[in-house]
Amino acid sequence: MLPIVIAIVFLAVLAFLIGGVKIVRPYQRGLVERLGRYQSTRDPGFNIIIPFVESIQLIDMREQVVDVPPQEVITEDNVVVSVDAVVYYEATDPKRLVYNVADFFTAITKLAQTNLRNLIGDLELDRALTSRDTINARLREVLDDATDKWGVRVVRVEIQRIDPPAEVVSAMHAQMRAERDRRATVTEANGYREAAIARANGEKEASILAAEGRKQAAVLDAEGEARAIELRADAEKLRLQRVGEGEGDGTRSRLEGIKAAGADRAVLTVEYLQALEEIGDGRATKLVIPAEFSGLLGTVAALTETIRDDDGDEVRPRDGLAVPDPAERVDAPPPAGI
């Protein structure tokens, strides 16, 4: 009998010890209640409580997700859309999470639905479809403020779907096709316009290049003609210089020959008259007669009388030079130019 009692006592003590040992994991916190009253919050690790007097409730402190069921929402432009979302939260105070709200999941789901309905209802359909980031940020702020007293921090909120009615979707598709057609038309028109501009610029540049080519060709032609004229003028100048030098050399040699031969005044007079004859055969429109021409006529008359022969015949000057009659002398000098 005694061994049985000892065994029972041992088992009771073992069960008491086992019931008093609690392990709190790193992502948990333990709320200890003594006789139904909050006692303390235990940290992760090995913890001992008094069995049958104290109890411990483990609270998960990891980030959790709540799926907000789809609901119908009327937008500002009276379009009924179906909206659903997900809410990510994490516990910050396990005591308030347990004692300040009875059913946290139901509470946060209903809170998210009502605030989502209010936010979507203030927007038109097009803006609601394109402003998901704004809706997410505003809904997170509202839920975070509301759940702060529950010891919870809302990390983020994401809108999963916004489903308009079928007829609205069809209209949106038609609008999208029309917009794409418009963009295609605008793109094609811009292509034609850019092509026309490119062709016009090409023609303009070609005309400018052609004009510049003609200009350069004309300049080159003019420069070539000017150079040719210059060369011809230089050649003519050189020819005249050489002719003048030749004539001068011939005249000089001739005069030196006359001088060496001891010619008298009569021979020089004949040479002078031949020079006047050559001047008269030129192309000048004016003929300059020397001022001493009247004295020259007298010399010619005297020369004529001296070269008559013994029979009284008149000898004509060489080279067909006509000697004027002395009776026709002109005492007064003739004009300077004829």
Problem - Of all residues making up the range 58-84, the number that are touching a helix residue (DSSP H, G or I) at 6+ places or on another chain (Cβ under 8 Å) and surrounded by 14 or more Cβ atoms within 10 Å (Cβ to Cβ) - result: 10
Problem - Unique match (being touching a Leu at 6+ places or on another chain (Cβ under 6 Å) and either surrounded by 10 or more Cβ atoms within 10 Å (Cβ to Cβ) or closer than 27 Å to I59 by Cα (or both)) among I135, I197 - result: I135
Practice task
Go through the range 6-33 and count every residue that is over 27 Å from E90 (Cα atoms) and either assigned by TED's automatic domain parsing to the domain that holds E90 or touching an Asp or Glu at 6+ places or on another chain (Cβ under 9 Å) (or both).
Solution key: 1
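Here is a yes/no grid of residues against (1) closer than 22 Å to D84 by Cβ; (2) β-branched (V, I, T); (3) free of Cβ contacts under 8 Å to residues at least 12 places away in the same chain:
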| site | (1), (2), (3) |
| --- | --- |
| R138 | yes, no, no |
| T147 | yes, yes, no |
| W150 | no, no, no |
| A174 | no, no, yes |
Problem - Verdict on P44 being without any contact (Cβ under 8 Å) to a residue 24 or more places away in the chain, of a type outside the set (D, E, K, R) and at negative phi - result: yes
Exercise for the section: Test V142 against the criterion of being part of a helix (DSSP H, G or I), crowded, with 16+ Cβ neighbours inside 10 Å and not aromatic (F, W, Y), and give yes or no. Expected result: yes
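The values are calculated or read from the model by the stated rules, or taken from the named source; none is laboratory data. Because the structure is a prediction, the values reported are computed rather than measured. So basically every Cβ, Gly included, is an ideal-geometry build from the backbone, and we count neighbours across all protein chains shown.
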